[in-house]
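**Student:** Okay, here's the structure, questions in a sec.
Derivation of every value follows stated rules applied to the coordinates shown; laboratory data play no part. What you see is a predicted model, and the numbers here were worked out from it, not measured in a lab. So basically every Cβ, Gly included, is an ideal-geometry build from the backbone, and we count neighbours across all protein chains shown.
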Amino acid sequence: MEFYDLVNFSTYLSPVFLVLGIGIGIYFFKSIDIFHKILVIYLASMLSIDMLARVFGEVYGNNLIFIPILGFIELLLFSAFYYFSGLHENSARKFFLFGITAISLLFSAWEIYKVYDIPIEEFESYSKAISTFVVVLLSIGYFIENIRKRKNISEREFLLNSGILMYFSLELILFLPIDFLINDDSGLKYYFWFANLIFTLVFYNFLIISVWRNGRIQE
């Protein structure tokens, strides 16, 4: 089996993880807190994007439009996640962080609209990198706000936010050279995509465990 075949086969693990996570989320949905409800919606959104991207790629030959769509959905849901975490309570930080979030969402929407007019060889999804960077800012802002308030956060809250911060930081590094990942002919890009797939699967598993644990505690 060639490395390309391994990468292609491994992509089918993603919907398997997502279906499992959504099933657990639906089972515990009434009892989990608002943060984990958002995470379940995130998992459902990722499954929808995964399925649609596969169909779109088969029918139209490429599914690049789903890269800015992915960034838009991620930013929308995680900005809601951090809004409910209490970041909005400080007016200065609220204006800065959620102002940047709103601008980034508008830019992502514009890029989704314009992506049809861009040839594949010229495709650069700036909005995906920007939206990922904003999620990283929101995650860091959550830590800073709790340190400033000298608020003790639970171990589960600390681990959840740390996992989000680590995943989106790694994703940001991988998506910065997006034009290379799309247009490279050497095969090196498959190693980048495989690394991103591994990070994503670990992140999905991390979120699923968090949802399951929260559901068990709240029952």
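**Student:** Identify the chymotrypsin sites (Phe, Trp or Tyr not before Pro) of region 9-81 meeting these criteria: DSSP loop state and at most 16 other C-beta atoms within 10 Å of the C-beta.
**Tutor:** Y12, F29
**Student:** Okay, moving on. If you take the beta carbon distance between R156 and Y113 as r and set R0 to 41 Å, what does 1/(1 + (r/R0)^6) give as a FRET efficiency, to the nearest 0.05?
**Tutor:** Values: r = 39 Å, r/R0 = 0.96.
About 0.55, to the nearest 0.05.
**Student:** Could you list the square roots of 5 times each eigenvalue of the Cα gyration tensor of region 19-75, that is, the equivalent ellipsoid semi-axes, sorted largest first and rounded to whole Å?
**Tutor:** Square roots of five times the eigenvalues give 27, 13, 5 Å.
**Student:** Here's something else I'd like to know. Using the Karplus curve 6.51 cos²θ - 1.76 cosθ + 1.60 with θ = phi - 60°, work out ³J(HN,Hα) for each residue of region 77-84 in order, rounded to whole Hz, and write x for Gly and Pro.
**Tutor:** So the Karplus estimates, Gly and Pro as x, are 6, 6, 5, 5, 4, 7, 4, 6 Hz.
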